[in-house]
Amino acid sequence: MSELTENGAFVAISVSATNGNPAPTLDALMGELKIRRRPGFLRRFPSGVQTFLTNGKGVAGLIILTVFVVMAALAPLLSPYDPYRRAGKPHVQPGVEHFLGTSRQGKDIFSQLLEGGRTSLTVGFIAGISATLIGLGVGISAGYFGGKVDEVLTFFVNVALVLPALPLIIVLASFVEEASPTIIGLVLAFTGWGWSARTIRTQTLSIKSREFVLAAELMGEKKWRIIVREILPNMSSFVVGGAVLATIYGILAEAALEFIGLGSPSSVTWGTMLYWAQRSQSLQTGAWWEVWPPAVAIMVTGAALVLINFGVDEITSPQLRAARLSGRIKKFLKRRGRSVDVF
């Protein structure tokens, strides 16, 4: 019996000698199955972080997102031109002087892409994190305290679930003339915490009935201490996954609202870049470089966050970690005609 471990997944393989040949050693099995031992420095991190850092999809998403965040943070230093001012002739094709060409207004696309990333990513992260924190506070409080507290908070959760973000932003835009990215982010955060609160409430109801929570209550621990030290750590990966999804929603929703003209046209975001490209009929005139850079940036950022979410999912699901080995194990056993028991 040989035991293999990859990213916390436990797989026991029953290997017997055939044709008089001795059973392979554990190192031989790991080499043939292309399983690498975890580097020593990873052992200093918590098990959840180790699992994430050994997940190819999660690490790839984290690297891509980090590149976008760093480029957006350094936009004033990396931008060759002022993104708000005319930098050349209209619709100049990508070249040496203008890396991604210019827009119909003569603005440098590359400079706008960097500056738009700062705004779009900031709005997305603020909306996603704010919605997650609101949902976390409401969901844990409703699930743990129960009774009247649960009834009141559940009522507000139901209101948030049916409160549409788009009409609310339209109403606000009519009062303030132009809805800035900040206003859009706040509205998305205010209307986007309902689903997070409902799912967290369900998780809290499940966790609070477990033995370690009941033991803490019998020992006289304060309620806030039980929530912070007993309940919250057991749903941390679930909360992180929810924050990632909420951030994706925030970035995509902000871009969509700006694209249909509900935002401030004077601001520079990935959504307003697409708005002006549509207004100037860039695709019809062959100026593809005005459309594709912001569109690709939105798609790649969303894909990076989805990849990060895949890595976070493996932290909470041992079945997913074990499934990563199943294909290689089946091929290994098929070549040798040996039996396998996967747990």
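The values are calculated or read from the model by the stated rules, or taken from the named source; none is laboratory data. None of the values given here were measured: they were computed from a predicted structure. Positions of Cβ are generated from backbone atoms using ideal geometry, with glycine treated the same way; all protein chains shown enter the neighbour counts. Surface areas here come from the heavy atoms of the whole protein model, side chains and all, with no ligands, DNA or RNA. Shrake-Rupley method; radii C 1.70, N 1.55, O 1.52, S 1.80 Å.
Accessible surface area normalised per residue over the range 99-254 is 50 Å², counting heavy atoms of protein chains with a 1.4 Å rolling probe. Using the Cβ-Cβ distance between V96 and V67 with R0 set to 30 Å, the FRET efficiency from 1/(1 + (r/R0)^6) comes to roughly 0.85.
The protection proxy used here, the mean number of other Cβ atoms lying within 10 Å of each residue, ranks peptides 90-96, 226-232 as follows, highest first: 226-232, 90-96. Derived scalar couplings between HN and Hα for the range 113-119 equal 4, 5, 5, x, x, 4, 6 Hz in order, rounded to whole Hz, by the Karplus curve 6.51 cos²θ - 1.76 cosθ + 1.60 (θ = phi - 60°), x for Gly and Pro.
Enclosing the Cα atoms of the range 49-183 in their convex hull gives a volume equal to 178 cubic angstrom per residue. Projecting the Cα atoms of I248, I183, F259 onto the charge dipole of the range 168-300, computed from C-beta unit charges around the Cα centre, puts I248 farthest toward the positive end. Ordering 77-89, 261-273 by mean Cβ neighbour count within 10 Å, with the highest value first, yields 261-273, 77-89. Ordering 151-158, 236-243, 276-283 by mean Cβ neighbour count within 10 Å, with the highest value first, yields 236-243, 276-283, 151-158. For the range 119-271, relative contact order (Cα pairs under 8 Å, six or more residues apart, normalised by length) works out to 42 percent.
In order along the range 96-105, the Karplus-derived 3J(HN,Hα) couplings, from 6.51 cos²θ - 1.76 cosθ + 1.60 at θ = phi - 60°, round to 5, 6, 10, 4, 10, x, 10, 8, 4, 7 Hz, and Gly and Pro are given as x.
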